[in-house]
Amino acid sequence: MTISYDPPAFGHSQTKLAHCAQTLEGIGASGGALAKIKADYGVAHTNCIDVKLDVRSAPDLKEETQSQSTRRVEISSDRPLDPSVAREVKGSAGSKAPGTLAKSKSLPYMADTTLKRSEINIPGSKCLIYTQVSLANLTSYRVGGPAEWYIDPHSLSDLQQTVAWARSKGLAITVLGAGSNLLVSARGLPGLVVCTRNLRYTKFDQETSQVISGAGVPIARLARQVARQGWQGLEWAVGIPGTVGGAVVMNAGAHKSSIADILVSTQVLSQTGTTEKQGPSDLGYGYRTSVLQGGESLVTEATFQLQPVGDPVGVMATTNAHLKQRHATQPYHLPSCGSVFRNQEPYKAGWLIEQTGLKGYKIGGAQVSELHANFILNCGGATASDIFKLIGYVQEQVEQRWSIRLEPEVKIMGEF
Ligand SMILES: Cc1cc2nc3c(=O)[nH]c(=O)nc-3n(C[C@H](O)[C@H](O)[C@H](O)COP(=O)(O)OP(=O)(O)OC[C@H]3O[C@@H](n4cnc5c(N)ncnc54)[C@H](O)[C@@H]3O)c2cc1C
């Protein structure tokens, strides 16, 4: 039996091929499976070559061959595939996945490739898993390669099915909220990217003045909804372009307040599929940190305690004033991740960078903001690598001048 599969992980490195070997095994192609890599050398070349190799012996493949090859893989198995896998891995390039590149658009590291996507229907759920989904379209920096697999479930039970599916295939899970604190490599991310953006619901409890929100609710929208109720406590969050889930994980904050001040509890889903409520004392909260960062758990919901002051106009005025102040002092007009580096008391990262003379410094399309030195902007055409290099350069220069190593607040994902 032959199935088609277009894994973005193919190409460029032996690590990628080794990873792909795992993926192929994960989708049921182990046990004598062969990957036949068809390399067509791109649009300029018409002749095709076929390279037959067992992906598990990929280290034998020469680097040049790898970098030129790898569009499409046909997996031949000498044993019947699990029928659900055969159904799962079928090409369907015409479907629409949010964040997916247009059919003919190229990935940054597969510049001459026409993308083909696959969809997988997870048994027992309404979820579709997509391949080859551009993460540049799903992150505020507007850079980065594709997710090998991508899903954005609409409910907790679909999320649980998704996690179970990924586990059964041995795929690593990366969680994405609004992607407003991420720098994703142009090579993309292996495994399954789970985006929470469809987990959107909000319930106001008038008796307790608590609000319960799904992880995918934009925190800025919640701040406005809460203000309209005349409840204080979230005015500071109005300029933060992330989700509730991302804010809980990052302990997002501004104007001397943060999530830790108002969180009652959060519901987290473990990789084994069980949910649990955790309070702020379980989360190891500190300045922009929590134990949830880089952890195994996925935030699905959060409950916040607000203060009813019965003055919606006043609370909204404070909220608007915060937004106005941010727009005056921070560069919202170009793609960024907000503050790149954590502030390290007693110094503000932005001050250190400015005093090092780096305002306006550019690498490729990435530039240290003239307005706020702790912002690195995509001024148009920046690559993930430009931004990554500029982060490193700023760290180096600041360390030379101040003997302080700035620590990134932005989450850097994938291979650079
Ligand atoms: C213009 C601008 C201004 C900003 N201003 C501020 C600011 O004032 N204060 C501030 O704190 N931040 C600020 N940020 C950064 C960013 O918005 C916050 O860190 C935000 O909380 C990230 O949320 P997100 O949903 O985008 O998370 P993402 O960027 O998608 O993810 C961030 C991290 O959280 C993890 N994650 C996300 N959701 C979940 C989940 N449901 N479960 C488990 N893990 C999850 C991800 O894996 C990743 O490690 C700003 C960003 C921009 C672009």
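The values are calculated or read from the model by the stated rules, or taken from the named source; none is laboratory data. Predicted model, so just to flag it, every value in this text is computed and none were measured. Heads up, the Cβs are rebuilt from the backbone with ideal geometry, glycines too, and the neighbour counts pull from every protein chain shown.
Quick notes on this structure:
- Long-range neighbours under 6 Å by Cβ, at least six apart or interchain, first residue more than 14 Å from the ligand (Cβ to nearest atom) within segment 402-414, second in a loop (DSSP other than H, G, I, E, B): 407/342
- Residues satisfying the stated conditions in segment 369-405, i.e. within 24 Å of the chain's Cα centre (by Cα), surrounded by fewer than 15 Cβ atoms within 10 Å (Cβ to Cβ) and part of a helix (DSSP H, G or I): 392
- With respect to (1) within 20 Å of residue 174 (Cβ to Cβ); (2) of a type in the set (A, V, I, L, M, F, W, C); (3) away from the ligand (no atom under 11 Å from the Cβ), the lone exception for residue 304 is condition (1).
- Residue ID - nearest to residue 305 (Cα to Cα), chosen from residues in segment 199-214 that are within 16 Å of the ligand (Cβ to nearest atom) and out of contact with any Asp or Glu (no Cβ under 8 Å at 6 or more places or on another chain): 202
- Residue count for segment 406-416 under the criterion of being within 16 Å of residue 354 (Cβ to Cβ) and surrounded by fewer than 19 Cβ atoms within 10 Å (Cβ to Cβ): the result is 0.
- Filter result for residue 246 (within 11 Å of the ligand (Cβ to nearest atom), in contact (Cβ under 8 Å) with a residue 12 or more places away in the chain and surrounded by 17 or more Cβ atoms within 10 Å (Cβ to Cβ)): yes
- Filter pass, residue 334 being in contact with a helix residue (DSSP H, G or I) (Cβ under 8 Å, 6 or more places away or on another chain) and in a loop (DSSP other than H, G, I, E, B): no
- Residues within segment 160-191 that are assigned to a strand (DSSP E or B) and surrounded by 23 or more Cβ atoms within 10 Å (Cβ to Cβ), tallied: 6
- Residue satisfying all of: in segment 260-273; closer than 20 Å to residue 165 by Cα and modelled with pLDDT of 95 or more; surrounded by the fewest Cβ atoms within 10 Å (Cβ to Cβ) among these: 269
- Of everything in segment 220-243 that is among the polar types (S, T, N, Q) and in contact (Cβ under 8 Å) with a residue 60 or more places away in the chain, the residue that is nearest to the ligand (Cβ to nearest atom) is 243.
- Verdict on residue 157 being in a helix (DSSP H, G or I), in contact (Cβ under 8 Å) with a residue 24 or more places away in the chain and surrounded by fewer than 21 Cβ atoms within 10 Å (Cβ to Cβ): yes
- If you go through segment 173-198 and keep only what is under 26 Å from residue 339 (Cα atoms), among the aliphatic types (A, V, I, L, M) and touching a strand residue (DSSP E or B) at 6+ places or on another chain (Cβ under 7 Å), you end up with 173, 175, 176, 178, 182, 183, 184, 189, 193, 194.
- Only a single item in (1) assigned to a helix (DSSP H, G or I); (2) under 30 Å from residue 388 (Cα atoms) is not met by residue 318, and it is number (2).
- First in segment 194-205 and hydrophobic (A, V, I, L, M, F, W, C), second anywhere and part of a strand (DSSP E or B), Cβ under 6 Å, 6 or more apart: 194/151; 194/173; 194/175; 195/176; 199/214; 204/211
- Residue match in segment 311-325 (condition: without any contact (Cβ under 8 Å) to a residue 60 or more places away in the chain, within 25 Å of the chain's Cα centre (by Cα) and within 15 Å of the ligand (Cβ to nearest atom)): no
- Listed by first and then second residue, the pairs linking a residue in segment 327-356 that is more than 10 Å from the ligand (Cβ to nearest atom) to a residue that is among the aromatic types (Phe, Trp, Tyr) and assigned to a loop (DSSP other than H, G, I, E, B), with Cβ atoms under 6 Å apart and 6 or more places separating them unless they lie on different chains, form an empty list.
- Segment 249-299 - residue that is of a type in the set (Ser, Thr, Tyr) and more than 23 Å from the chain's Cα centre (by Cα) and, of those, farthest from the ligand (Cβ to nearest atom): 281
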